[in-house]
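The values are calculated or read from the model by the stated rules, or taken from the named source; none is laboratory data. Please read these numbers as outputs of a predicted model, since none were measured by experiment. Neighbour counts are summed over all protein chains in view; Cβ atoms, including those assigned to glycine, are modelled from backbone coordinates with ideal geometry. Note: accessible area is taken over every heavy atom of the protein model, side chains too, but ligands, DNA and RNA are not part of it. Shrake-Rupley method; radii C 1.70, N 1.55, O 1.52, S 1.80 Å.
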Amino acid sequence: LVRGDAAAASLPVRLEMPQTLGDWRVDEAISAPWKPEYIGAAAQQARVYRSAQGMVGLHVAYYRGQSESAKLISSVNQIVTTRDDDWNTVARGHAVAPVDGQPQSFQFTRLLGAERTIGGQRAHLTVWRLFWVGGQLTDNEYLAKAHEVWLRMRGEADDGAAVMLYSIDRDSAAADRLLAGFVTAHFGSLQQSLARARDQR
């Protein structure tokens, strides 16, 4: 039962992202090369998926019972912070891929490793991010915040999450193709996991 009262908001989040997604399986031997900063998240989970197509990383920051010190949409939550010396932001923009048959926009950030190496070269990372709020998807912070306010006005749960997918491919176009294919095939399953975390309260 989804409830918007304080008792429900205080319950721990049971977030469990899939171990397998079609041909993609979590590779426990690989540690995530990057971690965003999301302050006060009720739960965070990272996965690195592998298939014959390559590698896709996933990081989810999940919020419940939000407050001034712990909220999904906040200037303190960043893909890369000014204190992170490992990564430099080199480009930002928007990418589109189908989710449940409808075009969905994602924010993308391209990162270049300052000194970190992958395969003897400076690391490249392409991160796609969007927000899941009450089952709705958007890559726009203002729309995500507006939906949170609407949920609270209706007395509904304020659960929300930042969902970030990334590729380490040095070729930006190839990274975007890989992430688009992954999103098209499997983002629906990721949404189901988020919905279960919301509903198990």
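What distance in nm separates the two pseudo spin-label positions at residue 143 and residue 121, each 7 Å out from Cα along the beta-carbon direction?
Result: 3.5 nm between the two label points.
Considering only protein heavy atoms and a probe of 1.4 Å, how much of the accessible area of region 104-184 is carbon and sulfur, as a whole percent?
Here it works out to 51 percent.
How much accessible surface does residue 31 have with a 1.4 Å probe, in Å² rounded to 10?
90 Å²
Alpha carbon centre of region 75-134 versus region 136-184: separation in Å?
Between the Cα centres of region 75-134 and region 136-184 lies a distance of 12 Å.
Please say if region 12-124 is rounded, prolate or oblate, where rounded means a/c under 1.5 for a ≥ b ≥ c the square roots of the C-alpha gyration tensor eigenvalues, and otherwise the choice is prolate for a/b larger than b/c and oblate otherwise?
Values: a/c = 1.39, a/b = 1.09, b/c = 1.27.
Rounded, since a/c falls under 1.5.
Ordering 20, 82 from largest to smallest accessible area (1.4 angstrom probe), what's the sequence?
The ordering from most to least exposed comes out as 82, 20.
Quick one: order 35, 145 from most to least accessible surface, probe 1.4 Å.
Descending order: 35, 145.
Just by accessible area at a 1.4 angstrom probe, what is the order of 142, 49 from largest to smallest?
Per-residue accessible area, sorted high to low, gives 142, 49.
Sort region 67-138 into rounded, prolate or oblate with this rule: let a ≥ b ≥ c be the square roots of the eigenvalues of the Cα gyration tensor; rounded if a/c is under 1.5, and if a/c is not under 1.5, prolate when a/b is larger than b/c, oblate otherwise.
Because a/c hits 1.5 or more and a/b fails to exceed b/c, region 67-138 counts as oblate.
So how much accessible area does residue 170 have, in Å² to the nearest 10, using a 1.4 Å probe?
Only protein atoms counted, so the area is about 120 Å².
Helix 172-199 versus the longest principal axis of the chain: what is the Cα-based angle in degrees, 0 to 90, to the nearest 10?
Value to nearest ten degrees: 20.
Restricting to Cα pairs below 8 Å that are 6+ residues apart, what does the relative contact order work out to for the chain? Please round to a whole percent.
That works out to 26 percent.
For region 140-201, what is the accessible area per residue in Å², given a 1.4 Å probe and the full set of protein chains? Before the final figure, lay out the partial values.
Numbers: 2780 Å² over 62 residues.
Using a 1.4 Å probe on heavy atoms only, each residue of region 140-201 averages 45 Å².
Roughly how many Å² is the accessible area per residue of region 51-122, as a whole number, for a 1.4 Å probe?
53 Å²
Pairing the Cα long axis of helix 141-153 with the longest principal axis of the chain, what angle in degrees results, from 0 to 90 and rounded to the nearest 10?
The angle comes out near 20 degrees.
Would you calculate a helix-derived [θ] at 222 nm for the chain, using -39,500 (n - 2.57) for each DSSP H run of n ≥ 4 and dividing by the full residue count, to the nearest 500?
After summing the helix terms and dividing by the residues of the chain, the value is -7500 deg cm²/dmol.
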